[in-house]
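Novice: Submitted below is the structure of interest, expressed as structure tokens.
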Amino acid sequence: MTRYRRPLALRPDPQGTVPDTAMVMAAGLGKRMRPLTATRPKPLIEVAGQTLLDHTLEHLKSAGVKKAVVNVHYLADALEAHLRTRVEGIEIVVSDEREQLLETGGGLVKALPLIDADPFFCINSDNLWIDGPVDSLRLLASNWDDARMDALLLLVPLARATGHGGQGDFHLGAEGRLRRRKRGVVAPFVYTGIQIVSKRLFHGDLPEGPFSTNILWDRAMEEGRCYGAVHHGLWFDVGTPQNVKKTEAALAYA
């Protein structure tokens, strides 16, 4: 008889061990957020009275994360000053990309020597989320299976991806394995910018310099080691000045 396995998206009451360290991606140019990013980096844009970066760091602290590695490039001095003077309760280490913006994959490779946990969280600093019935980072940690996974992405249903204008990113299999959206097809889930990854994800030959994390995910999907879990709270695509206003309006009623 085939044993039924509950999908990862449906596992309740997380009890998993939370990684001690997180990589926070904060080096991007923020072009879609112009003109707000003309004088400040995108992670320092305020939404509902708090910077996007601080929203992320508060989630990390609440989940029990002890250390955040933050990469910097655009207006790096301002970002570093904020981290030195405005952030408390979590150790901050900077991965400096001033000389060259390395994109998501290249930025992770450069920061790996600073990341002393395996697995570890990797979070984009330009998204905003509100937890559902359970802490979303703890939920993600509870679904981590080191024997089967190299990457575990937090997803939100397309219908609940507030401010997102795309056609979705992934299909989620019964056991949580991910498949990409095919061209011309709408996918039911959107990547939230939040994941847990193992350092195994960086095995073998990797591109030099800038490259996207998509290269790593594609390889993990081919190997059957890229999974997803579903976020049950609110999530906002805060990618433009217009979406900042929409997000603040929605939060006022959350």
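The values are calculated or read from the model by the stated rules, or taken from the named source; none is laboratory data. For clarity, every value in this text was computed on a predicted model and none was experimentally measured. Every residue, glycine among them, receives a Cβ derived from its backbone with ideal geometry; neighbour counts consider all protein chains shown.
Novice: Please find, within region 148-186, the residue that is surrounded by the most Cβ atoms within 10 Å (Cβ to Cβ) out of those that are touching a His at 6+ places or on another chain (Cβ under 8 Å) and more than 19 Å from residue 216 (Cβ to Cβ).
Specialist: In this case the residue turns out to be 156.
Novice: Which residue out of 155, 140 is under 16 Å from the mean Cα position of the chain (by Cα), closer than 19 Å to residue 58 by Cβ and outside any loop (DSSP other than H, G, I, E, B)?
Specialist: Selected residue: 140, the only one of 155, 140 that is under 16 Å from the mean Cα position of the chain (by Cα), closer than 19 Å to residue 58 by Cβ and outside any loop (DSSP other than H, G, I, E, B).
Novice: Looking at 118, 135, which one is among the charged types (D, E, K, R), at pLDDT 95 or above and over 28 Å from residue 29 (Cα atoms)?
Specialist: 118
Novice: Which of (1) modelled with pLDDT of 95 or more; (2) not in a helix (DSSP H, G or I) does residue 14 not meet, given it meets every other one?
Specialist: Failed condition: (1).
Novice: Residues 193, 184, 168: which one is in a strand (DSSP E or B) and at positive phi?
Specialist: From the options 193, 184, 168, the qualifying one is 193.
Novice: Taking region 30-48, which residues are assigned to a loop (DSSP other than H, G, I, E, B) and of a type outside the set (A, V, I, L, M)?
Specialist: 30, 34, 35, 39, 40, 41
Novice: Any idea which residue in region 76-114 is surrounded by the most Cβ atoms within 10 Å (Cβ to Cβ), counting only those that are under 20 Å from residue 193 (Cα atoms) and small (Gly, Ala, Ser)?
Specialist: Out of the qualifying residues, it is 107.
Novice: Follow-up question, since we're still on this one. Would you confirm, using the coordinates I've provided, whether residue 117 is closer than 19 Å to residue 152 by Cβ, among the aliphatic types (A, V, I, L, M) and either within 16 Å of the chain's Cα centre (by Cα) or surrounded by 15 or more Cβ atoms within 10 Å (Cβ to Cβ) (or both)?
Specialist: Yes; evaluated as a whole, the condition is true for this residue.
Novice: Turning to a different aspect of this structure: What's the number of the only condition in (1) at pLDDT below 95; (2) more than 23 Å from residue 201 (Cβ to Cβ); (3) outside any loop (DSSP other than H, G, I, E, B) that residue 6 fails to meet?
Specialist: Result: residue 6 passes all but (3).
Novice: Within region 84-107, is even one residue in a helix (DSSP H, G or I) and of a type in the set (A, V, I, L, M)?
Specialist: No, every residue in region 84-107 fails to be in a helix (DSSP H, G or I) and of a type in the set (A, V, I, L, M).
Novice: While we're looking at this one, here's another question. Go through region 208-223 and give me each residue that's assigned to a loop (DSSP other than H, G, I, E, B) and under 12 Å from residue 104 (Cβ atoms).
Specialist: 210, 211, 212
Novice: Taking the stated definitions as given, is residue 132 out of contact with any Cys (no Cβ under 7 Å at 6 or more places or on another chain), more than 19 Å from residue 63 (Cα to Cα) and touching a residue at least 24 places away in the same chain (Cβ under 8 Å)?
Specialist: So residue 132 does not fit the description; no.
Novice: Additional query: Take the conditions assigned to a loop (DSSP other than H, G, I, E, B), under 19 Å from the mean Cα position of the chain (by Cα), loosely packed, with under 15 Cβ neighbours inside 10 Å and on the phi < 0 side of the Ramachandran plot and apply them to residue 239. Does it pass?
Specialist: Considered against the rule, which asks whether it is assigned to a loop (DSSP other than H, G, I, E, B), under 19 Å from the mean Cα position of the chain (by Cα), loosely packed, with under 15 Cβ neighbours inside 10 Å and on the phi < 0 side of the Ramachandran plot, residue 239 comes out as no.
Novice: Moving on. Given the conditions (1) within 28 Å of residue 57 (Cβ to Cβ); (2) touching a residue at least 12 places away in the same chain (Cβ under 8 Å), and given that residue 245 satisfies all but one, which numbered condition is not satisfied?
Specialist: (2)
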